[in-house]
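Data first, discussion second: the structure below is written as structure tokens.
What follows draws every value from the coordinates through simple rules; no lab data is involved. Quick caveat: nothing in here was measured; it's all calculated off a predicted structure. Heads up, the Cβs are rebuilt from the backbone with ideal geometry, glycines too, and the neighbour counts pull from every protein chain shown.
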Amino acid sequence: DNKTGDGSGIMMQIPHSFFKEEIKGLPGEGEYGAGFVFFPPDEHEMKFCRDNLENVLRDEGLSVIAWRDITVDSSVIGDIARRSEPVIKQVFIGNGSEKSINLELKLLIARKTAEKLVRESGINGKHFFHMPSLSSRTIVYKGMLMPGQVRHYYKDLGDDRMESAMALVHSRFSTNTFPSWDLAQPFRMLAHNGEINTVKGNRFWMQARESDFSSDLFGDDLKKILPVIEPGKSDSASFDNAVELLVAAG
């Protein structure tokens with residue numbers, strides 16, 4: 001339709017000065033997590049995914065501070081992108097009563113656990129559910145967009161209060177996987193160009209190594225983040241999964 005892109009987006013520092021004016025009772029900078037969440041358009045399925053995420057966060061000793069609706073302009077995107085457009089929300093997460101909690105690690109465990117539960121559920125729209133980012137450090141705005149559409153689709157990005165010392169931008173050119181909202185880049189840790197010719201072997205090797213994993217940092221929580229590689233994603237997404245594990249494990 002000449003208006004649907006393979007995917008574009010931006011990763012930046014969490015814009016604390018912006019969010020503290022938008023969200024009442026937000027803790028200090030670095031003391032909370034901000035999540036970007038794609039939901040199914042169906043209200044019942046969206047509630048299922050949201051309840052599932054909130055339950056997992058609670059189980060990990062975290063608390064939901066607030067949900068925030070994201071203002072988007074769907075008129076700027078193509079018909080193909082609009083037909084698969086998710087409902088997009090932000091979630092803000094506190095560390096509950098455990099002040100010494102490793103928040104970044106807990107957010108990773110919670111995200112991986114919630115993703116797996118929805119992925120293994122029976123809801124029709126489970127492919128919509130995706131968390132482009134869930135972190136106390138960075139946030140990702142992305143979608144099945146052309147580069148020039150990103151700033152117009154996400155109204156937040158036109159706000160003068162959006163400040164960051166770094167910005168990682170990427171425009172995806174789809175090769176061996178079909179374009180979709182979740183496969184837009186940047187991912188949670190990186191943006192990556194080019195095909196990994198040994199991707200199947202790398203995925204199998206990672207799966208084979210999982211039985212040998214051990215980490216003082218993760219402890220018994222290590223099994224919650226398995227499988228490391230999300231099934232059905234692109235080679236770059238798999239690469240990002242592996243980098244994320246290595247960074248989280250120190």
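Quick look at the numbers
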{"read-out": "Overall Cα dimensions of the chain, principal axis frame, Å, largest first", "value": "49, 47, 39"}
{"read-out": "Overall Cα dimensions of the stretch 166-216, principal axis frame, Å, largest first", "value": "36, 29, 18"}
{"read-out": "Entries of K142/K200; K47/K223; K47/K112; K112/K155 with Cα pairs more than 23 Å apart", "value": "K142/K200; K47/K223; K112/K155"}
{"read-out": "Loop-resident sites, the stretch 115-173, for chymotrypsin sites (Phe, Trp or Tyr not before Pro), counting at most 13 other Cβ within 10 Å (DSSP)", "value": "F173"}
{"read-out": "For the stretch 135-250, the Rg and Dmax computed from alpha carbons only, in angstrom", "value": "16.3, 48"}
{"read-out": "Alpha carbon centroid spacing (whole Å) that separates the stretch 56-74 from the stretch 125-188", "value": "17"}
{"read-out": "Distance in nm between pseudo-label sites at N2 and R151 (7 Å out along the Cβ direction from Cα)", "value": "2.3"}
{"read-out": "Space enclosed by the convex hull of the alpha-carbon atoms of the stretch 1-85, per residue, Å³", "value": "133"}
{"read-out": "Net charge dipole size for the chain [Lys, Arg +1 and Asp, Glu -1 on Cβ; Debye, nearest 20]", "value": "200"}
{"read-out": "Scaled radius of gyration (Cα, divided by 2.2 N^0.38 Å) that the stretch 33-177 gives", "value": "1.09"}
{"read-out": "Burial ranking of peptide ranges 214-220, 6-12 (average Cβ count within 10 Å, highest at the top)", "value": "6-12, 214-220"}
